[in-house]
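Everything below concerns the one structure shown next.
The values are calculated or read from the model by the stated rules, or taken from the named source; none is laboratory data. Everything numeric in this text was worked out from a predicted model, so none of it was measured. All Cβ positions, glycine included, derive from the backbone under ideal geometry; neighbour counts span all protein chains shown. The accessibility values were calculated without ligands, DNA or RNA, using every heavy atom of the protein model including side chains. Shrake-Rupley method; radii C 1.70, N 1.55, O 1.52, S 1.80 Å.
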Amino acid sequence: MTQQQNEKYLLAIESSCDDFALAVSDRSGRILFSNIHHQKHSHGVFPEHASRMHALAPWNDLDYIHRHFDIGAIAVTTGPGLYGSLAVGITIAKALTYSLNVPLISVNHIAAHILTPLWCTNIRTPYIILVASGGHTLLALVNAVDNIQILGSTTDDAAGEAFDKTARMLGLQYPGGPEIERAAKSGTPRFALPIPMRNHPGYDFSFSGLKEHIRKKLVTQELDTQTRADWAASIQHGIGNALLVRTRKALKDLNTVRYLSLAGGVASNRTIRSMFDELCAECNASLHCPSPSVCTDNAEMIAWCGLWKWKREQYAHYDILPNVTKARHSVAV
Ligand code: KG4
Ligand code: ZN
């Protein structure tokens, strides 16, 4: 992380949910600093608590960044996300841009996830990407950085939320996805689960029916270790299948698009990842996934989008506020 004479760097801040992340990149997109302050929860994210923790998180990092880099612009996630969490990051970014007299750049969190493979894998446009995290589940078609179409998104819970809620039904800890993956290793997916939206037109997702089905079945089950493992394997397979069925439809319908990517915490699940490998083989498509550290919430993805806007002088004004609205049809960086 040596600073070149006269070179200006971009500082990126991401605080949309319960992680506070900072990154510094040079003008070529090389990341010279990156850190994430994870919050520990045992029962899910409490928005008020998350924003209070954010207010404490970044100061040692900012001190370090201030001493090592000549910051020329600041990019910050302005939404969607939790209002209070976003507000902390945005306010810090505004204050810093004001005191350093550098431009402020607003970045959309969803667009940043969607565009990540473009900056750090060999994927080519047009591509389809499935974003499946604790807060979002959507399929998007990327024609270009400034041409992103949302094909469909969840009409109720996100896939990660479905993992977290069903894990709790199994008596597993939060976050539920990694716990279910761990438990599933010694189980077999012997419980048949419905495949939501299987024959539904369009590309939307739904997980509430699946979750309710599991809840009703579990009420009547005695959960010894093996049964719990079998349920974990069945849930993992069921949620993976729900994601797969809609993605397969998109790949079949948009048959000129042969690149696929996955992002979000759920995409780090190895069984689900291999289901998508098989899908790509079936559809003659190629799968390009960023490394897990940039698939989940991080500031590097904000830096790359911020850089794109910095080069085009697309700046935000000081009156910008958190925007918690999730886009339904298209999303802009
Ligand atoms: O992208 P992420 O780290 O944060 C946001 O939600 O923005 O995603 C977290 C979600 C949680 O719901 C968690 O249970 C799920 O992703 N997750 C997983 C796995 N790792 C994290 N779900 C399934 N399998 C995993 N290995
Ligand atoms: Zn995210």
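Do you know which residues across segment 93-116 are more than 16 Å from ligand 1 (Cβ to nearest atom), hydrophobic (A, V, I, L, M, F, W, C) and crowded, with 19+ Cβ neighbours inside 10 Å? Ala93, Leu96, Val102, Leu104, Ile105 - these are the residues of segment 93-116 that are more than 16 Å from ligand 1 (Cβ to nearest atom), hydrophobic (A, V, I, L, M, F, W, C) and crowded, with 19+ Cβ neighbours inside 10 Å. Mind checking whether some residue in segment 73-86 is over 28 Å from Ile150 (Cβ atoms), touching a residue at least 12 places away in the same chain (Cβ under 8 Å) and of a type outside the set (A, V, I, L, M, F, W, C)? No, because not a single residue in segment 73-86 is over 28 Å from Ile150 (Cβ atoms), touching a residue at least 12 places away in the same chain (Cβ under 8 Å) and of a type outside the set (A, V, I, L, M, F, W, C).
Of everything listed in (1) away from ligand 2 (no atom under 16 Å from the Cβ); (2) open to solvent by less than 20 Å² (accessible area, probe 1.4 Å), the single unmet condition for Arg168 is (2).
On inspection, Ile13 qualifies as in contact with a strand residue (DSSP E or B) (Cβ under 7 Å, 6 or more places away or on another chain), within 26 Å of Gly135 (Cβ to Cβ), open to solvent by less than 10 Å² (accessible area, probe 1.4 Å) and within 16 Å of ligand 2 (Cβ to nearest atom).
The residues of segment 98-117 that are in contact with a Phe, Trp or Tyr (Cβ under 8 Å, 6 or more places away or on another chain) and either closer than 14 Å to Lys326 by Cα or away from ligand 2 (no atom under 16 Å from the Cβ) (or both), listed by number, are Tyr98, Pro103, Leu104, Ile105, Ala112. Name the single residue that is surrounded by the most Cβ atoms within 10 Å (Cβ to Cβ) among those in segment 126-150 being within 15 Å of the chain's Cα centre (by Cα) and part of a loop (DSSP other than H, G, I, E, B). Looking at residues that are within 15 Å of the chain's Cα centre (by Cα) and part of a loop (DSSP other than H, G, I, E, B), I get Gly134. On inspection, Ser268 passes the criterion of being closer than 29 Å to Pro175 by Cα and modelled with pLDDT under 95. Looking across segment 117-144, just one residue is within 16 Å of ligand 1 (Cβ to nearest atom), within 19 Å of Lys252 (Cα to Cα) and in contact with a His (Cβ under 7 Å, 6 or more places away or on another chain), and that is Val131. Here is a check on your reading of the model: is His43 open to solvent by 50 Å² or more (accessible area, probe 1.4 Å), more than 19 Å from His113 (Cα to Cα) and not basic (Lys, Arg)? So His43 passes the test.
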